[in-house]
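Single-structure report; data block below.
None of the figures in this text is laboratory data; all of them are computed from the coordinates on show. On a predicted model such as this, the values are computed, not experimentally measured, just so you know. Cβ: placed from backbone, ideal geometry, glycine included. Neighbour counts: every protein chain shown.
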Amino acid sequence: MAITDTGGFLALIGAFFAVFLIIAIGFYIYFALALMAVAKRTKTENPLLAWIPVANLYLMSKIAGQHWWPLLLLIGFLIPFLNIIAMIVFMVYMFIWQWKICEARDKPGWWVLLQLIPFVGSIWGLVMWGILAWGK
């Protein structure tokens, strides 16, 4: 059976996009609240930066006590062929920052490596940030 009703198909795609957008906004709010709570617990200046895209990455570098310059790699995302290398290097820095943030909250840094496990890793990322933000 072929889809011949173009309007119905477009409505299905639109509904899927709307649901995806609502879920993505929910994850962003959760991460911003968690990052802001971690910044407050580590007494890092400007915890409200957690709500601003890219500035939240700067805040993560400050909580971790690391340099902010790896954020310049985001410019490399716009350059074809260089974007793959920039993404890999930036992800390494993200893992380092998260490792240092775990240590700043007196949690084991290796927790970050659990995010590399397929399927389980994304759920663990949510749980980890919740523990870092609101755990003892």
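Of note:
- Restricting attention to region 99-132, the residues that are touching a Leu at 6+ places or on another chain (Cβ under 7 Å) and hydrophobic (A, V, I, L, M, F, W, C) add up to 3.
- Only one of the numbered conditions (1) assigned to a helix (DSSP H, G or I); (2) in contact with a Phe, Trp or Tyr (Cβ under 7 Å, 6 or more places away or on another chain) is not met by Leu10, and that is (2).
- Of all residues in region 102-124, those that are in contact (Cβ under 8 Å) with a residue 40 or more places away in the chain and closer than 23 Å to Lys62 by Cα have Cβ atoms under 6 Å from Cβ atoms of residues that are among the polar types (S, T, N, Q) and surrounded by 11 or more Cβ atoms within 10 Å (Cβ to Cβ), 6 or more apart or on another chain, in Ala104/Thr42.
- Check on Ala24, more than 16 Å from Met128 (Cβ to Cβ), assigned to a helix (DSSP H, G or I) and more than 16 Å from the chain's Cα centre (by Cα): no
- In region 53-64, the residues that are on the phi < 0 side of the Ramachandran plot and touching a residue at least 12 places away in the same chain (Cβ under 8 Å) reach residues that are β-branched (Val, Ile, Thr) and in a helix (DSSP H, G or I) with C-beta atoms within less than 8 angstrom, at least six apart or across chains, in these pairs: Met60/Ile101; Ile63/Val38; Ile63/Ile101; Ala64/Ile96; Ala64/Ile101.
- One residue from Lys100, Lys107 being in a helix (DSSP H, G or I) and either buried (at least 17 other Cβ atoms within 10 Å of the Cβ) or over 17 Å from the mean Cα position of the chain (by Cα) (or both): Lys100
- Residues of region 81-97 that turn out to be within 13 Å of the chain's Cα centre (by Cα) and either under 25 Å from Lys43 (Cβ atoms) or touching a residue at least 40 places away in the same chain (Cβ under 8 Å) (or both), as a count: 4
- Taking region 77-93 as the range and being under 21 Å from Ile63 (Cα atoms) and surrounded by fewer than 17 Cβ atoms within 10 Å (Cβ to Cβ) as the test, the residues that pass are Val89, Met91, Val92.
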